[in-house]
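A quick write-up on the structure given underneath.
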Amino acid sequence: MNIMKTIIIIAFTVISAIAYAQPRVITFGAENETDGVENPVEKNVIKISIFEILTGDFPIYYERALNDYFSAEISAGLTFGDYYGELFGDNAFSPSDQSVDARYGYSFSAALRFYPIQSLEDFYIAPEFKYRKYNWERQVEAFTEEAPYVIEADAEESRVYSMPRITMGYVYYYDYNIIFDFHVGIGMNTPTEELFDNEEFRVIETKRNTKPRIHFGFKIGYIF
């Protein structure tokens, strides 16, 4: 976890430094002669999701304006410790369990955003797909054909969340090139687990029932 905290601190430092070094660009032209101001020319946003850290997911988001009303957003990140599964899962593992050694996994997402007013500004609605995979090792008892016959071994286990969902949100320009992205939504979560079976003495893949899952969050972004 110290590594991830260091990465987050560095990312915030870089974003803050760039934001204050490069003020937000506003263009002037003849299309709006009353005040001489047009829409900003920025089309790209890099964002960090704050609340997802609480789920053990550490993604970096990139959003690109496609036209005046639509944008595409993708993300990629590392996962470490399934804290959501610990609280709500049917067969959750606890990161504090001494028999469990959490490993890094990965996550990614893709979304198409519709902005009724202006791309990258104000309200939006977006169909999304989010994927998370958590990995860990668990100490288990395994049988061998030679003495002592029962030994301790490490079983590689994992849990995957596949979540199509709908998100509604609001983008607020804070200062310079910094934006805040507030959002909430609902989706359908389908967990797939690879867990060690104590009766068959092997790792078995099991697909769990699909359940609704509410999500909400807050992202800090740098627009350019």
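Any idea which of (1) assigned to a strand (DSSP E or B); (2) surrounded by fewer than 17 Cβ atoms within 10 Å (Cβ to Cβ); (3) over 17 Å from the mean Cα position of the chain (by Cα); (4) modelled with pLDDT of 90 or more is the one S158 doesn't satisfy?
(2)
Only one of these is touching a helix residue (DSSP H, G or I) at 6+ places or on another chain (Cβ under 8 Å) and at pLDDT 50 or above: Y83, Y61. Name it.
Every option except Y83 fails the conditions.
State whether one or more residues within segment 146-153 are open to solvent by less than 10 Å² (accessible area, probe 1.4 Å) and either modelled with pLDDT under 95 or not in a loop (DSSP other than H, G, I, E, B) (or both).
no
Considering only residues of segment 162-177 that are at pLDDT 95 or above and either touching a Ser or Thr at 6+ places or on another chain (Cβ under 8 Å) or at positive phi (or both), which is most open to solvent (accessible area, probe 1.4 Å)?
Checked segment 162-177; the qualifying residue most open to solvent (accessible area, probe 1.4 Å) is S162.
Scan segment 183-224 residue by residue and report those that are of a type in the set (D, E) and either open to solvent by 60 Å² or more (accessible area, probe 1.4 Å) or at pLDDT 90 or above (or both). Outline the logic, then answer.
Of segment 183-224, the ones of a type in the set (D, E) are 193-194, 197, 199-200, 205.
The answer is E193, E194, E199, E200, E205.
Hey, any hits in segment 48-55 for a residue that's among the acidic types (D, E), open to solvent by 30 Å² or more (accessible area, probe 1.4 Å) and touching a residue at least 12 places away in the same chain (Cβ under 8 Å)?
Among the residues of segment 48-55, not one is among the acidic types (D, E), open to solvent by 30 Å² or more (accessible area, probe 1.4 Å) and touching a residue at least 12 places away in the same chain (Cβ under 8 Å), which makes the answer no.
The values are calculated or read from the model by the stated rules, or taken from the named source; none is laboratory data. Remember, predicted model here, so these are calculated numbers, not experimental data. For neighbour counting, all protein chains shown are included, and Cβ atoms are generated from backbone atoms with ideal geometry for every residue, glycine included. SASA here: full protein model, heavy atoms, side chains in, ligands and nucleic acids out. Shrake-Rupley method; radii C 1.70, N 1.55, O 1.52, S 1.80 Å.
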